[in-house]
Structure formats: structure tokens, C-alpha cells
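Inspection log for the structure reproduced underneath, given as C-alpha cells.
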Amino acid sequence: MSKLDKYLRLDQFPHFACSGCGHGIALASMVRAIDKLGLDQNTTVMVCAIGCAGRLPIYLDFPSIRTPHGRALTVATGIMLANPKLKVIVFMGDGDAGAIGGNHLIHAARRNIDLTAIIAINEIYGMTGGQYAPTTKPGHFASTAPFGMIEPQMDTCKLVEAAGATFVARGDIYHVVELDKLIIKALSHKGFSVVEVLTNCPIQFGRRNKNSNPSQMIKNIKEMTITKKQAEKLSKEELEHKLLRGILVEKKCPEYIEEYDRITNFKEEVSLK
């Protein structure tokens, strides 16, 4: 028995994921990070919604809740406000985070509330029929883009950085050791932290884009990402189709609940005088 089995609801297996799906690698990375930090299973809460990524936390033995599509961050915010002693982790996919839940992502980052959002990016809506996502690259095919995607791709990391997130990182399912460390850093950060995880969907995305081999898809992800140090050696043209991985933003700013406590305590002190 693995020491990580204690974090799993083994009675829920076998899992629903398609063969070759990379989401399980991202989930395992999160579990290892939780174990490394020694987080309490009873006070670590998983929040998820709809979609392939949204179903994953049901396999973890933590207090958890599933929300309507795109509303995971709003429910997570309510949980934190009700009990700030909890550690709340939100596991989302492209749609939950960037499409139907995009507005909530922006404002969670703006508030800088102490939540960790892990966003699995596979450029497709895998569960509902292979529709394109805001993260789908131009030219790629989907059930709702049969002639190729014509919209520009959304960069989730740049979006949350602009909105005010105080910790932003990008990892992928090839560089697993790096991903473990990024999630550990995110969970240790005080404020709104985001880890984007580049992953693959061989069924809904791969077969429509003539690349349904999981190993090759993961290799493509590996070749697409570079570190900041590697980026310094490349020209602007060479960087055009690359994505930076690692910690992209890390800063200290007032955290929402701490600020709320500060002003309410101040009001109480004034009223007593």
C-alpha cells in the first residue's frame, strides 16, 4: 500500500478518465504536495465543479463539494469567509476557470483571498463533446470549430496576473517534479495563488487534431514550455510559440480576510470608545 493511499477514496475506483488522459498526473502532483506539507485531511477542503477536471476531487478523501459549472471559486470564497482556518483548494479546467467561471476567476484574484486554484489546461471541453475552450490555440480543431479555431487564445496566467493574483505559476504533466514544487509553493502562499497545469486530452482533442498518441502529446507539451533562464537565450521569434513555466508572479499584498478582520476590529474598537 502506498503512503498516499490514505488520501484516496478507493471505493470510488476505477476512475472515469479516458486512457492517456493527463489529468490524473496533475491530481497526483497535488496529493504529493499536500502530503509534503502535512496538511490536515479534516481541514483541507476540495472544491470543484463540472467537467473532467471538476470530477477528479471525488477520488480524494477530503471534505469536498461540487458546485454548478463555473461557480467553484464563489463557493470556495464563501467557505473561506465562513471559516478562515480551513485550507481551500479549487481544482478546475479550462471552462470552469476561463469561460463560464472567468468572471469569478478575475475577482478572486482581485480580492487576493487565500485560496489555491489549480487549473488543468487541455484546450478542449472533454466531457461535453469536444467543444473549443478559450485556451484553444488558433487553427486547432474542435466539435464547435470544425474548420479550425479562429479566436485568439486566452493566457490564463496573464489574466490572473493582471487581475491581481499574488502567486501565479505554470507547470505541465511532463515536468512532474517541478509541478510538485510549484503546487507546494502555491499552497504555502498567503493570498490568491494559481497554478496552471498544461495537460493533454487524447480523445476529444487529440483525435480531432491528428495527434491522439498520449506519449507524443506529452512530448509536445514538454517541447512547448521553457524556463525563464532558457527564454533569456532565445530571440523574440523563437519565443513566439513557447510558454514560460515556473513561478511567474510571487508578491506580498494584503490578504482579503486579514483586511476584513482589520477593519471590523477597528470599527468595534471605535464603537467601544
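Bear in mind that the values in this text are calculations on the coordinates, not laboratory data. Predicted model only: the values in this text are computed from it and were never measured. Backbone-built Cβ (ideal geometry, glycine too); neighbour counts: all protein chains shown.
Multiplying the residue separation of Tyr260 and Leu239 by 0.36 nm and removing their Cα-Cα distance gives an extension gain of 3.4 nm. Work from the charge dipole of the chain (Cβ charges, +1 for Lys and Arg, -1 for Asp and Glu, about the Cα centre) and give the residue of Leu73, Thr225, Thr144 farthest towards its positive end. Looking along the dipole axis, the top candidate is Thr225. Taking the centroid of alpha carbons for each part, the stretch 97-153 and the stretch 165-206 are 15 Å apart.
Among Cys18, Cys157, Cys253, a tally of other beta-carbon atoms within 10 Å of each Cβ gives an order, fewest to most, of Cys253, Cys18, Cys157. Under the convention that each Lys and Arg Cβ holds +1 and each Asp and Glu Cβ holds -1, the size of the dipole of the stretch 3-272 around its Cα centre is about 440 debye. Applying a DSSP loop filter and a limit of 12 other Cβ atoms within 10 Å to the trypsin sites (Lys or Arg not before Pro) in the stretch 24-108 leaves Lys85.
Here the dipole of the stretch 1-109 is about 160 debye; that uses its Cα centre as origin and unit charges on the Cβ of Lys and Arg (positive) and Asp and Glu (negative).
Would you tally the net charge around Gly24, using a Cβ to Cβ cut-off of less than 13 Å, leaving Gly24 out, and scoring K and R as +1, D and E as -1? Mind showing how you got there, number by number?
Values: positive: Arg32, Arg55; negative: none.
Here the count lands on +2.
Excluding same-chain neighbours fewer than eight residues apart, the lysines reachable from Lys210 by a Cα-Cα span under 27 Å are Lys137, Lys219, Lys222, Lys242.
What length, rounded to one decimal in nm, is gained on full extension from Glu250 through to Arg9, with 0.36 nm per residue of separation minus their alpha-carbon distance? Mind dumping the intermediate values first?
Numbers: separation 241, 0.36 × 241 = 86.76 nm, distance 3.36 nm.
Result for the pair: 83.4 nm of gain on full extension.
Can you sort Asp114, Asp172, Asp261 by how many other beta carbons sit within 10 Å, fewest first?
Details: Asp114 20, Asp172 24, Asp261 12.
Going from sparsest to densest Cβ surroundings: Asp261, Asp114, Asp172.
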